[in-house]
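The values are calculated or read from the model by the stated rules, or taken from the named source; none is laboratory data. If you're wondering where the values come from, they're calculated on a predicted model, not measured in any experiment. Cβ: placed from backbone, ideal geometry, glycine included. Neighbour counts: every protein chain shown.
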Amino acid sequence: MITGSILPKLLLQASRAGKQERPAPARKARAKAEAWEEAVEAGGLAAAVRAVEAEPADAALKRAGVASAVAAAEERDRDLFGKAGKMPGYPEGMLRNIEEGTMRTLNLYYSSGGNTGKVAERIDRTLEELGAGHTSIRAGSETEVDVLEYDLVFVGSGVYAWLPGKPLLDLLTRLRKGYVQSGAIKPASPKLPGKKAVVYCTYGGAHTGINEAIPAVKYMAQLFDHLGLEVLDEIYVVGEYVPENMREMSRAGRLGDIRGRPDEHDLNEVAERVRGLVRV
Ligand SMILES: Cc1cc2nc3c(=O)[nH]c(=O)nc-3n(C[C@H](O)[C@H](O)[C@H](O)COP(=O)(O)O)c2cc1C
């Protein structure tokens, strides 16, 4: 507890200490200049100007700072625009492998009502436009495929009772058992460099929206994750309920009126996603 007699003494000491810590004018200017440089480094010109304007700096320092910041920002922008300028024709990531003709791509899917089929077709068409030779397989009870022969695997299905369709589920089960037996699925699932997967679905979401599609997508992804492929992306596309006796679900469900989906807008979005993903 501080008694009344020593309190004024403590206050005096504190005030002296405060005065000693206050920077001298030269040090203050240097500190401002350093703060300015840091602000330019961290956030560019706009952030640096904000930083200076937030403080009552003297006009000369401000002018000198602005000049050096403009130079720094111009240099940084030249660098950024230089890189961006290369983008349109620049073969990034898998796009380079596609251009070199070394990319093996598989599109494996199941569709009972045709919605996922439309998405699969748009993926196929986009891959063709990109010049990627690929194999497209609609899963059935006789399907045999070794997904490890491919560098990029698209796998997709409609969602039925929260899971992929039975033919695809069965195929994934057969593949899992085979890969466990052959030793391709290893403890810790080490990554297979350069091998990637993209999972997609169409779903109606009438009851709980996208939440009822997530288990299906996660389920499909697991085989590829177990094998060591990098699961690059999950694409969820809304799909109307096709069977006649389920049509009301396309109008009165959690997602509102989804009749006619996937529509051209949905499919174009898929195409753009594919174009983006092959740059990874
Ligand atoms: C029998 C049946 C069950 C369905 N179950 C679900 C479901 O659990 N969750 C969901 O979001 N959508 C469900 N749907 C909607 C479908 O996922 C959606 O219509 C999808 O686009 C169907 O794909 P397809 O036309 O490629 O078969 C179901 C549809 C049917 C016919």
For this session: Tell me, yes or no, whether region 240-248 has at least one residue that is more than 12 Å from the ligand (Cβ to nearest atom) and at pLDDT 95 or above.
Result: yes
Exercise. Restricted to region 153-168, and to residues that are of a type in the set (Gly, Ala, Ser) and more than 24 Å from Lys195 (Cβ to Cβ), which residue is nearest to the ligand (Cβ to nearest atom)?
Worked result: Gly158
Exercise. Does any residue in region 154-170 that is part of a strand (DSSP E or B) come within less than 7 Å, Cβ to Cβ, of a residue that is within 11 Å of the ligand (Cβ to nearest atom) and of a type in the set (A, V, I, L, M) six or more places away or on a different chain, and which pairs are these?
Worked result: Gly156/Val119; Gly156/Ala120; Ser157/Leu168; Ser157/Ala216; Leu163/Ala216
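For (1) on the phi > 0 side of the Ramachandran plot; (2) part of a loop (DSSP other than H, G, I, E, B); (3) polar (S, T, N, Q); (4) touching a Cys at 6+ places or on another chain (Cβ under 9 Å), each residue gets a yes or a no:
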| position | (1), (2), (3), (4) |
| --- | --- |
| Ala206 | no, yes, no, no |
| Ser250 | no, no, yes, no |
| Gly260 | yes, yes, no, no |
| Asp266 | no, no, no, no |
| Arg273 | no, no, no, no |
For this session: List every residue pair whose Cβ atoms sit under 9 Å apart, with the two residues 6 or more apart in sequence or on different chains, where the first one lies in region 181-203 and is closer than 23 Å to Thr105 by Cβ and assigned to a loop (DSSP other than H, G, I, E, B) and the second, anywhere, is at pLDDT 95 or above and basic (Lys, Arg).
Result: Ile185/Arg176
For this session: For region 211-239, enumerate the residues that are within 17 Å of Ala120 (Cβ to Cβ) and within 16 Å of the ligand (Cβ to nearest atom).
Result: Ala213, Ala216, Val217, Met220, Glu234, Ile235, Tyr236, Val237, Val238, Gly239
Problem set entry | Evaluation of Gly260 against (1) within 18 Å of Tyr150 (Cα to Cα); (2) within 16 Å of the ligand (Cβ to nearest atom) (one fails), failing number | (1)
